[in-house]
Amino acid sequence: MNYIEHIGKYFTMLGQVFKRPQKMRIFKEALFRELDDLGNKSLGISAFIAFFVGGVVAIQTALNVDNPMIPKYLIGFATKRSIILEFAPTFVSVILAGKVGSFITSSIGTMRVTEQIDALEVMGINSLNHLVLPKILATVFFYPFIISISMFLGILGGYVAGMLTGLFSTVDYIDGIQLEFNPYFVKYALIKTMVFAFVIATIPSYHGYYVKGGALEVGRASTQAVVWTSVVIIVLNYFLTQILLS
């Protein structure tokens, strides 16, 4: 029953979030600040992980494709499909859920326990719209760019791994990348990313906004937010895969 209550409060919160901002100038300033905090500052860790995981995927594929009857270009093909279909949109989103989700919950939760949100309400400001909507727009519009960069760097990481280890030819790897390229798979990955970005912005905001207590409770809320955001991303990944690829 407690879960049903939280789900209801979550959707009630969304109803308040998507009301028209009262002052567009203040809203634009908040939006650009969130683009920097949630988007630009997440680009480095996403690019770093994507590059090295792409290399690991290519090396592991090369080590398992030891049958001479299997063409070597399948290493590039498998790496490309793995990065585009699953790793970049899902795995990177889970990483961002940990980094960004904890930041969102702690920042909003701190405002709640220090009564800054109460002050906004007293001044007649829709605090949910003021605090959460810029985060949603920043993540939904910026994270597809991060995932696109992650796709490119993941595939590049596989190329560099082949060049450094000598386990497979870079020519074969490029042939595999070019084999049966389907632009819809990129579109599929970006659609998933936008859905995950919405989850990353809203679930941590919910946990931070409704936290009660002090600093200890804010820490616990941050942990719960990361856990539940990751769980929802994994569950949605299953259903989105069934809907978009079946």
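Bear in mind these aren't lab numbers, they're just calculated from the coordinates by the rules spelled out. Given the structure is predicted, the values throughout are model-derived calculations rather than measurements. Neighbour counts run over all protein chains shown; Cβ positions are idealised from the backbone, glycine included.
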Original post:
So which of Gly39, Gly76, Gly109, Gly55 is in contact (Cβ under 8 Å) with a residue 60 or more places away in the chain, within 19 Å of the chain's Cα centre (by Cα) and surrounded by 18 or more Cβ atoms within 10 Å (Cβ to Cβ)?
Top reply: Gly39
Original post:
Quick check, is Ser82 without any contact (Cβ under 8 Å) to a residue 40 or more places away in the chain and within 25 Å of the chain's Cα centre (by Cα)?
Top reply: yes
Original post:
Yes or no: Val195 closer than 18 Å to Ser46 by Cβ and either among the hydrophobic types (A, V, I, L, M, F, W, C) or surrounded by fewer than 18 Cβ atoms within 10 Å (Cβ to Cβ) (or both)?
Top reply: yes
Original post:
Quick check: anything in the range 181-198 in contact (Cβ under 8 Å) with a residue 60 or more places away in the chain, more than 26 Å from Val57 (Cα to Cα) and part of a helix (DSSP H, G or I)?
Top reply: yes
Subject >> Every pair of residues 6+ apart whose Cβ atoms lie under 7 Å, when the first sits in the range 147-171 and is without any contact (Cβ under 8 Å) to a residue 60 or more places away in the chain and among the polar types (S, T, N, Q) while the second is surrounded by fewer than 17 Cβ atoms within 10 Å (Cβ to Cβ) and assigned to a helix (DSSP H, G or I) >> reply: Thr170/Met163
Subject >> Residues located in the range 178-225, provided they are more than 16 Å from Lys99 (Cα to Cα), of a type in the set (A, V, I, L, M, F, W, C) and out of contact with any Leu (no Cβ under 8 Å at 6 or more places or on another chain) >> reply: Leu179, Phe181, Val186, Leu190, Met194, Val211, Ala215, Leu216
Original post:
Within the set of pairs 6+ apart or on separate chains, which have a first residue in the range 119-133 that is in contact (Cβ under 8 Å) with a residue 12 or more places away in the chain and closer than 9 Å to Val17 by Cβ, a second that is aromatic (Phe, Trp, Tyr) and part of a helix (DSSP H, G or I), and C-beta atoms under 7 Å apart?
Top reply: Leu128/Tyr209
